[in-house]
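Please read the structure below before turning to the comments.
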Amino acid sequence: MGTEIWPIIKLALRKIVGEAAFTNWINPLELTSMDGATAQFSAPTKFIGDWVARNYGDAIKIEFAKQGVNVGRLTFVTGAVAKPIAPTPTTQTSAQRTTTGSTDLPGASLDPRFTFGNFVVGKPNELAHAAARRVAEGGEVSFNPLFLHGGVGLGKTHLMHSIAWEIKRRDPEARVLYLSAEQFMYRFVQALRFKDTISFKEMFRSVDVLMVDDVQFIAGKTSTQEEFFHTFNALIDQGKQVIISGDRAPSDMEHLEDRIKSRLQWGLVVDVHPTDYELRLGILQSKQEVQARHNPRVEMSPGVLEFMAHRISSNVRVLEGALTRLYAFGSLVGRPITLEMAQESLSDILRATDRKVTIDEIIRKVTDHYGVNLTDMLSARRTRSIARPRQVAMFLAKKLTSKSLPEIGRCFGKRDHTTVIHAVKKIEELQSIDNQIAKDVEVLRRMLEG
Ligand code: ADP
Ligand code: MG
């Protein structure tokens, strides 16, 4: 029995541990090997591995047993790349396909799926993509360092791996070192512990390309920061390419020394913006093709992808997970993926996404859109040019947030909940007879659900 059983066990565990625990602890695991009675998993962090072993170890063993597999021991390894999702129960797990970089460099392994070829380009990420391409082409080092920043699940790691693959493709001899800032710190602490900082320094300074992912991790960690700074300087001075990612721009990073902040901005700083509807749809279409190839018997009804692109947040990882879940369901229960099925089996994700919009944001976007000012919007004025946008904002607050009518009223200059009810009715009415209002509402809704 091999690792292909894992998706089935995961589905069973999902029912047992509940949605939240599943997302946090079980889903990030990959079953990497089955060796006798030992199941080895890779976990994104040691913490997750420990937690799962302690809290869900027995449940996991029981589910294996139910599938007729005797598992006596679970082991967890960390440090591999973040788990990619295996498309079907019958394909290899990603960990098996994952390959390591140059053997003498202690970096993280590169995910074979994270290539330029698999990266869908749209407005929000076109600049980051172009910069990554340019850097991967090598030649004269023009952007050094390249600093990619943006929220989670927007493709930063994907782009970094793509650069590494492309550089290695062009020059198999190139010494490319990719690792997370967390791993950088870990190596550094090890070196200190074993009094071996000399070889640590030599190793890091001997690479042609250094990539450090999620650099925010070392902010506030004084000696690691210091060491990182020296490594970084040494490489830049030698004209070696450095590529860094972070969850925000260097200037916005708290607890990061000023001299490091400023050095990080020497090259090119580009942000990966949250996805928009078009990009989400493009990504879904491209991932759906892959899923469909692996699950030829599972049909998907028209409109499902559009629904997902519309309703699921900008995090691509969540989007991908949702699609994988639909195909897993479809293939297990032997039913086509319909809109109803999607609504039902993705309800947790849809809910989580809905909660994100705040009334403040709605008010801000609506005032921008209509060019009215905030004071007027929240004032008692009833001129049509102000009252209408106010009603639109109340309507959106009701539709896009889970706030109650009285709460919404309070956010709009302490108005009564009946005013909110009236506004919602009014806009609903107008939407069907007034094209302009319908368009405004749609544009605003899209922007807010962005
Ligand atoms: P980040 O590092 O910014 O948190 P990742 O690079 O890990 O995000 O991306 C999360 C997931 O979404 C990965 O599986 C990645 O392949 C996928 N992804 C993100 N952006 C794109 C894109 N533009 N095209 C295709 N896949 C994408
Ligand atoms: Mg990442």
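Using alpha carbons only, the radius of gyration of the chain set against its Kirkwood radius gives Rg/Rh = 1.02. Relative contact order of the chain, taken over Cα pairs closer than 8 Å and 6 or more residues apart, is 12 percent. Using heavy atoms of the protein chains and a probe of 1.4 Å, the accessible area assigned to Y370 is about 60 Å². Here the accessible area of segment 247-324 is 49 percent carbon and sulfur, with a 1.4 angstrom probe and all protein chains present.
Computed from the mean reciprocal separation of all distinct C-alpha pairs, what Kirkwood hydrodynamic radius does segment 277-354 have, in Å?
Numbers: mean 1/r = 0.0817 Å⁻¹.
Result for segment 277-354, one decimal place: 12.2 Å.
Take the chain with all the other protein chains still there, run a 1.4 Å probe, and you get 49 Å² of accessible area per residue.
Bridge orientation summary for the chain: considering DSSP beta bridges with both residues in this region, about 20 percent are antiparallel. By a 1.4 Å probe calculation restricted to protein chains, T419 has an accessible surface near 50 Å², given to the nearest 10. Based on C-alpha pairs under 8 angstrom that are at least 6 apart in sequence, segment 276-354 has a relative contact order of 37 percent. Ligands, DNA and RNA aside, V135 has an accessible area near 10 Å² when probed at 1.4 Å.
Beta bridges assigned by DSSP with both partners in segment 96-271 are antiparallel in approximately 5 percent of cases. Given in Å, the Rg to one decimal and the Dmax to the nearest whole number for the Cα atoms of segment 187-291 are 17.4, 52. Between E137 and R297, the contour length at 0.36 nm per residue exceeds the alpha carbon distance by 53.5 nm.
When Rg is the radius of gyration of the Cα atoms in segment 179-238 and Rh is its Kirkwood radius, what does Rg/Rh come to? Looking at segment 179-238, the ratio lands at 0.93. Computed over protein heavy atoms with a 1.4 angstrom probe, the accessible surface ordering of R280, R297, R259, R311, largest first, is R297, R259, R311, R280.
Within the chain, what's the longest stretch lacking GluC sites (Glu not before Pro) that sit in DSSP loops with no more than 11 other Cβ atoms inside 10 Å? Longest gap between qualifying sites, sites excluded: 255-450. Helix-only arithmetic for the chain: the sum of -39500 (n - 2.57) across DSSP H runs with n ≥ 4, divided by the residue total, places the mean residue ellipticity at 222 nm at -16500 deg cm²/dmol. Mean-square fluctuation check for the chain, GNM, Cα pairs under 10 Å: which of P274, P406, P336 is largest? Judging by the Gaussian network model, the answer is P406. All distinct Cα pairs of segment 359-449 go into the 1/r average, and the inverse of that average, the Kirkwood radius, is 12.8 Å.
The values are calculated or read from the model by the stated rules, or taken from the named source; none is laboratory data. Predicted model only: the values in this text are computed from it and were never measured. Counting neighbours? That spans all protein chains shown, and the Cβs are built from the backbone with ideal geometry, glycine included. In case anyone asks, the SASA skips ligands and DNA or RNA and just uses the protein heavy atoms, side chains included. Shrake-Rupley method; radii C 1.70, N 1.55, O 1.52, S 1.80 Å.
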